[in-house]
Amino acid sequence: MATRLTESPEYAQLWTTPELSAIFERRMQTWLDILAALAAAQAELGLIPDAAAGQIAEHARAERLDLAFVAAETRRTSHSTLGLIRGLQRLLPEPAREYVYYGATVQDLTDTWFGLVMRDAGRLVRDDLIRAHGSLLRLAAEHRDTVMSGRTHGQPGAPITFGFKVATWADEVGRHIVRLGEGDARWSVGQLAGAVGVLGFFEPYGPRLRELFCARLGLRDPLVSWTSARDRVAEFGMVMSMAAATLARIGNEVYELQRPEIAELSEGTARAAVGSITMPHKRNPEISEHLDTLARLARAASGVLVEGMTGGHERDGRAWKAEWAALPDVTLAAGTAASLAADLVDGLVVDAGRMRENLRRTGHRWASERVLAELSRRVGKHRAQDLLQEALQEAHSADLVSVLAARGVADPADLAAWTASPELGTASAMVDAVVARGTPGAAR
């Protein structure tokens, strides 16, 4: 049975996706693949026999390991990888045993694994963000001119279009797609540093060995050891948590606008979904609120990764061992959020009629910004502000236009024109600009 609810068969689908889970569930095999790649690179340079490298590659299979033995040896030796080394040695013929993990360190293995995780998970998340971005662009274009209340501080303000709101979501998601694409080159790197980073065990072949090793794994050569330079891991975590935060912003909007008293948006709901077992009428915004939950976890975990940047000297286990817990957490939280958000946006239900009705219910108050602008040209901005503040105090039970007309501040025909319908050409133009730009790097 799983030790955490988030890993249990009942609830795991809320905290991961099958693709993300596979990255971490195959950790042991990935570690063995890294050791095999290292042996092959060493054999290419003549540092170990070709036969030994071939035998290591042949026997480095996770399903052949005695995992109970590996765990027992790890506990007995208090060393992070001796159990794995000895477990693999037991599978090998005698001559090859001495060349397992030849000249490598724990951090060489685990940091290289991090490079693979960040590469593969980052690309998965980017793909889901591209999927979400495409749906957002379609939604923005469809609702380019769908008028609704803009809201500030939780209160109805001046009009916007729903397409404009969605365009701001798409624009922000697009920047995360760019960040993930650009960051891939920085964090998809291997690690071969040795004891203190100078590859002394392999002198003078270290740089060439590292180059060959990284190439075999499809990773970039970092050019210099990064055992204490944890900015790559921290950057990955921060970009992932920022993406999750953006998706939470979208989720929070849906969460708020699905409230029955507003009812402008709603999640698409599966027929079998049950909102409440005690209040059957409810349709809860389950995905939307879960995006906020995931973003909280991603931000917390990314903070741990940033803390790792303060490690000391050439290696500091306090820093990178904390990453063993935090990197999977931020990756799973952000990755799950990206997958859920893409589904949420694709199935979002928009009630344009309700948007218009909610705007109408504010009376002419929705036009206060335009009226202020027009009056400012006639009497000055601050005088106009004072006039409107006074008029709005009187207009609780009367029409704002009537109150202003009675005060003689403007011609009634002008007032009627200013409050007849929203002018949102600029909002629509911004939607057009975002849609025309498209999804950044989608064809990569």
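Descriptive notes on the structure:
- Karplus-derived 3J(HN,Hα), 6.51/-1.76/1.60, for each residue of the stretch 79-96, Hz, glycine and proline x: 10, 5, 10, 4, x, 5, 4, 5, x, 6, 4, 5, 8, 9, x, 3, x, 7
- Projecting the Cα atoms of GLY174, LEU212, SER241 onto the charge dipole of the chain, computed from C-beta unit charges around the Cα centre, puts SER241 farthest toward the positive end.
- Over the stretch 159-280, relative contact order from alpha-carbon pairs under 8 Å, at least 6 apart, %: 24 percent
- Viscosity 1.306 mPa s, 10 °C: Kirkwood-radius Stokes-Einstein D of the stretch 193-270 over Cα pairs, µm²/s: 95 µm²/s
- Labels on offer are [x] 142; [y] 160; [z] 190, and the one holding volume of the Cα convex hull per residue in Å³ computed from this structure is [z].
- One way to sum up the overall shape of the stretch 293-425 is the equivalent ellipsoid from its Cα gyration tensor, whose semi-axes run 56, 22, 11 Å, largest first.
- Restricted to Cα atoms, the stretch 363-426 shows a radius of gyration and a Dmax of 10.9, 33 angstrom.
- Using equal-weight Cα scatterers in the Debye expression, the normalised intensity of the stretch 30-187 in log10 at q = 0.08, 0.09 Å⁻¹ is -0.46, -0.53.
- Using alpha carbons only, the radius of gyration of the stretch 18-97 set against its Kirkwood radius gives Rg/Rh = 1.01.
- Every helix of 4 or more DSSP H residues in the chain counts as -39500 (n - 2.57), and over all residues that averages to -20500 deg cm²/dmol at 222 nm.
- Packing order of peptides 195-202, 144-151, 234-241, highest average first: 234-241, 144-151, 195-202 (average count of other Cβ atoms within 10 Å over each peptide's residues).
- FRET efficiency for the ALA71 to THR293 pair, using the beta carbon distance and R₀ = 25 Å, is estimated at 0.15.
- Projected label distance in nm at GLU357 and LEU14, using a 7 Å step from Cα toward the beta-carbon: 3.3 nm
- Between PHE201 and VAL379, the contour length at 0.36 nm per residue exceeds the alpha carbon distance by 55.9 nm.
- Förster radius 56 Å - calculated FRET efficiency between ALA322 and ASP411, Cβ distance, rounded to 0.05: 0.20
- Structure remark: mean-square fluctuation, Gaussian network model of the chain, C-alpha springs under 10 Å; the largest value among GLU58, GLU289, GLU390 belongs to GLU390.
- Here the Gaussian network model covers the chain, with springs between Cα atoms less than 10 Å apart; of GLY154, GLY363, GLY87, GLY154 fluctuates the most.
- For the chain, modelled as a GNM whose springs connect Cα atoms under 10 angstrom apart, the maximal fluctuation among SER339, SER225, SER80 occurs at SER80.
- Loop-located trypsin sites (Lys or Arg not before Pro) in the stretch 21-79, at most 16 other Cβ atoms within 10 Å (DSSP): ARG26, ARG61
- Taking amide H atoms as placed 1.01 Å from N in the peptide plane, the amide H of GLN191 lies under 5 Å from those of THR112, each 5 or more residues away in sequence or on another chain.
- Compared with the direct C-alpha span, the chain from GLU394 to HIS79 gains 105.7 nm at full extension, assuming 0.36 nm per residue.
- Counted charge near ARG4, where neighbours are those whose Cβ lies closer than 14 Å (Asp, Glu -1; Lys, Arg +1): -3
- Comparing Cα centroids, the stretch 134-174 and the stretch 347-371 end up 13 angstrom apart.
Any read-out appearing in this document is the output of simple, stated calculations on the displayed coordinates, not a laboratory observation. This is a predicted model, so every value here is computed, not measured. Note that we place each Cβ from the backbone using ideal geometry, even for glycine, and neighbour counts take in every protein chain shown.
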